[in-house]
1. GLY71: under 22 Å from PHE411 (Cα atoms), touching a residue at least 40 places away in the same chain (Cβ under 8 Å) and surrounded by fewer than 19 Cβ atoms within 10 Å (Cβ to Cβ), yes or no?
2. Do you know which residues across the stretch 445-464 are surrounded by 19 or more Cβ atoms within 10 Å (Cβ to Cβ) and in a loop (DSSP other than H, G, I, E, B)?
3. Tell me which residues, restricted to the stretch 39-64, are among the β-branched types (Val, Ile, Thr), crowded, with 20+ Cβ neighbours inside 10 Å and modelled with pLDDT under 95.
4. Hey, among THR101, THR96, THR83, THR107, which residue is touching a residue at least 12 places away in the same chain (Cβ under 8 Å), more than 20 Å from LYS61 (Cβ to Cβ), among the hydroxyl-bearing types (Ser, Thr, Tyr) and touching a Pro at 6+ places or on another chain (Cβ under 7 Å)?
5. With the structure loaded, tell me whether ALA155 is modelled with pLDDT of 95 or more, among the small types (Gly, Ala, Ser) and more than 25 Å from HIS457 (Cα to Cα) or whether it fails that test.
6. Anything in the stretch 211-234 that is touching a residue at least 12 places away in the same chain (Cβ under 8 Å) and part of a loop (DSSP other than H, G, I, E, B)? List them, or say none.
7. Hey, ILE121 hits all of (1) of a type in the set (A, V, I, L, M); (2) surrounded by fewer than 22 Cβ atoms within 10 Å (Cβ to Cβ); (3) in a helix (DSSP H, G or I) but one; which does it fall short on?
8. Can you tell me which residues in the stretch 204-257 are hydroxyl-bearing (Ser, Thr, Tyr) and within 30 Å of ILE371 (Cβ to Cβ)?
Amino acid sequence: MKKIKIRNYLSRTALLLALCPIHTGCESFTEVDLPSNQLTATVVFQDRATANAALAAVYAKIRDTGFLRGGTNGIGSRMGCYTDELDFYAGATDNTSTFYTNSILPTNSDITGWWADAYQIIYSVNAIIEGTDASQALSQQDKQVLSAEALFIRALLHFYLVNLYGEIPYITTTDYRINMQATRMHQQEIYERLEADLIESVQNLPEIYTNPEKTRANKAVARALLARVYLFSQNWEAAADTASLVIADPSAFSIPDDLDTAFLKESTGTIWQLTPAGEGQNTEDGAHYIFTTTPPPTVALTPGLVAAFEPGDLRKQHWIAEMGETGNLWYYASKYKQRGLTSVSLEYQIVLRLSEQYLIRAEANLMLGNISQARQDLDVIRQKAGLAPTAAQSQGQLLAAIQQERRVELFTEYGHRFFDLKRYGIIDTALTGVKPGWDTTDALLPLPQNELLLNTHLAPQNPGY
């Protein structure tokens, strides 16, 4: 893995720049002394405000780089094209074409960038964990909260890394002597570490958001991700119980009755979101998915996805828009309504939503044999979409209904479709013959070629590449 050289300048208003490296060299997570005219990393943790600003800047980096950003370079668009959510219309020179045609190489710039950006941010949050722990100035409560937020972010990024690349290193230190020897872990061990980080995060995070716009992690945010982790690791009871803790307080969250408000920054269904870089800016997803001319300039929803909605589903009416003429129509995701600047920001990038927690609990209860509870949660989502209660009766029918509901509820959101097809074991059935060049080995992305060259402990390359 690459050594990361810290060359950024630290100021009172941009403290992360000393913690979150943006330049990469040929070495792996190395530590470089800061020039004498800069604040040292120790100074960051002598004051609650400066330490808080450093962590806030990590959230900004998540928004601006890597797979969790919105728009064309984010996981929602790229993996939507990789699966059966999005059709691609731009030229072959656009990097998205390699995702759409399933012709990704280990040298692909997104594959390399996603990996590098994630591990750079992981390095930064590990520095925050170590810095707060060593601080003699911060109170014990401040240490616990700052470290808990950092643990949440560390788990979040490792979750996406393991689901994209398969076996990966789980990095928990800034010590380059350890990191340069980092090896890939089995998925089970990765999930155990995810759970441990998130459990500690839940224990120490506050119940109340420190920011009313829900842009910083609290207990509910960490629990929402933990519920997902439990679901993916098939710990059904823990998944159901953890999702229930998120759902339990209707004063904190509720699924909006008006679907047009579901992705506004004030949405009652939002658990965690990323704020735009400046006032008046809105999401990259809105700018990317919405098109005003035909044929679409970049991507459009596939006819298969549009046809997957039941008659009368309000999500099709409110979250999908069409352009063109009868017989020659294209469809785009209109969950976000804003394409550009507004006088004030209206929409933030929503990462975790309450609706997912109902679907997590429904699936977990189904696997536990709690059929009636599973139906109830599934019907909560259906009722909000204007649909009648599910007609599914058996466990198999209900599982298919939950899979279907996840498809039409979570489309174009952070790769949910790709992850679901894999964990349900139906990815080949769903994509063979639908996606050009689809192979079984495409269920994992390739490891970045340059990382394999720099760290031989990462070998071997994923099959098929």
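The values are calculated or read from the model by the stated rules, or taken from the named source; none is laboratory data. Quick caveat: nothing in here was measured; it's all calculated off a predicted structure. Note that each Cβ is placed from the backbone with ideal geometry, even for glycine, and that neighbours are counted across all protein chains shown.
1. Yes, satisfied.
2. LEU445, PRO446, LEU447, PRO448, ASN455
3. Listed by number, the list holds a single entry, VAL44.
4. Among THR101, THR96, THR83, THR107, only THR101 is touching a residue at least 12 places away in the same chain (Cβ under 8 Å), more than 20 Å from LYS61 (Cβ to Cβ), among the hydroxyl-bearing types (Ser, Thr, Tyr) and touching a Pro at 6+ places or on another chain (Cβ under 7 Å).
5. So ALA155 does not fit the description; no.
6. Matches in the stretch 211-234: GLU213, LYS214, THR215, ARG216, ALA217, ASN218, SER233, GLN234.
7. Among (1) of a type in the set (A, V, I, L, M); (2) surrounded by fewer than 22 Cβ atoms within 10 Å (Cβ to Cβ); (3) in a helix (DSSP H, G or I), ILE121 violates only (2).
8. Residues satisfying the conditions are TYR230, SER233, THR242, SER244, SER251, SER254.
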